[in-house]
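Scroll down for the structure; my scribbles are underneath it.
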Amino acid sequence: MKINELIYGNLLGDASIRSDKSKYFTYQIVAKDKKFLKWLKNFFKEFGIKCWISKNKTELFLLGFYINSCPFPELMSLRKKWYRKVNGKILKVIPRDLKLTPTTLLFWYLGDGSLVRRKNDKNRVPFIVLATNNFLKEDINFLVKKLKKLDLNFYPVKYKSGFTGKECGYCLYSNTQDGTPFRFFKLIGFECPREIANCSTGKKGIYKEEKFFKDKWPNEEDWIKILSNVKEIGPILRRKRLELGLSQNQLAKKVGIRRENIRDVELEKRNLRLKTLEKF
């Protein structure tokens, strides 16, 4: 991991860079759970950056450090890279030298991403949402192109605030039918980092249910739905079949499908239907 990957990932999410009249810069990130910020603090500590954790007026926990006194002089340009004045307002923008590495993608997702499941449609593949509603449309289009280079297909959807009910910007929604969710988690990790799995992300959604970081990752039921749209599952099924000592014929009889179907799936020539994958 590089320091820029960590910081850029956080800045794509909830992190910010504050400045005062003396041009003293402060890096800040807020969270509902103090344990999550302690986890982040350990990463910064590995780079020799001393952080503090406090509580702000809105009862959120805040992690911060002074950029001016950290051992990375190049970070002094962060404020200029990530902020500019637009129509009289200072807005966060996306620097064009941004590199979307798996680490950057992970911390962006931790800070401002979610996995959406439709309770009224049990067969629907869950989709990934990356919050970009505070960015300009040109920056959102830039991010879409960056994700596309990683073979991740996202598209902008108008965002409606859960507090005001009004539209305010766009969020990025993942395609579900082309295997994007599988490739996304293949990049950032198939499981939530265990140290923060049970850290709270607050009460979300119309039901105001308490959510945790582990909820951002697919559960077993979600994976069945996701993998039903992924050709890459073929080699995985073949490996498991061989571990169990089963031939394609034997497995076909157990599942109730033709041997040729299993052959084509293992050769990545076709996908499995959801019900068939559930039998597997």
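The values are calculated or read from the model by the stated rules, or taken from the named source; none is laboratory data. Treat the numbers as computed from the prediction; the structure is a model and nothing was measured. Reconstructed Cβ throughout: ideal geometry from the backbone, glycine too, with neighbour counts over all protein chains shown.
Within the range 39-62, the set of residues being in contact with a helix residue (DSSP H, G or I) (Cβ under 9 Å, 6 or more places away or on another chain) and in a loop (DSSP other than H, G, I, E, B) comprises 47, 49, 50, 51.
Take residue 36 and tell me if it is outside the structural domain of residue 132 (by TED's automatic domain parsing), outside any helix (DSSP H, G or I) and buried (at least 17 other Cβ atoms within 10 Å of the Cβ). I'd like the intermediate steps shown before the answer.
Working: outside the structural domain of residue 132 (by TED's automatic domain parsing): yes; outside any helix (DSSP H, G or I): no; buried (at least 17 other Cβ atoms within 10 Å of the Cβ): yes.
Against the criterion (outside the structural domain of residue 132 (by TED's automatic domain parsing), outside any helix (DSSP H, G or I) and buried (at least 17 other Cβ atoms within 10 Å of the Cβ)), residue 36 does not qualify.
Taking residue 1 and the conditions (1) in a strand (DSSP E or B); (2) among the aliphatic types (A, V, I, L, M); (3) modelled with pLDDT under 90, which numbered condition does it fall short on, given that it satisfies the others? So the condition that residue 1 fails would be (1).
Taking the criterion of being buried (at least 18 other Cβ atoms within 10 Å of the Cβ), among the aliphatic types (A, V, I, L, M) and not in a helix (DSSP H, G or I), the only residue of the range 171-221 that qualifies is 172. When the range 261-280 is limited to residues that are among the hydrophobic types (A, V, I, L, M, F, W, C) and within 16 Å of residue 225 (Cβ to Cβ), the one that is surrounded by the most Cβ atoms within 10 Å (Cβ to Cβ) turns out to be 272. Of the residues making up the range 85-96, at least one is buried (at least 19 other Cβ atoms within 10 Å of the Cβ) and under 19 Å from the mean Cα position of the chain (by Cα).
Here residue 270 fits the description: of a type in the set (D, E, K, R), touching a residue at least 12 places away in the same chain (Cβ under 8 Å) and outside any helix (DSSP H, G or I).
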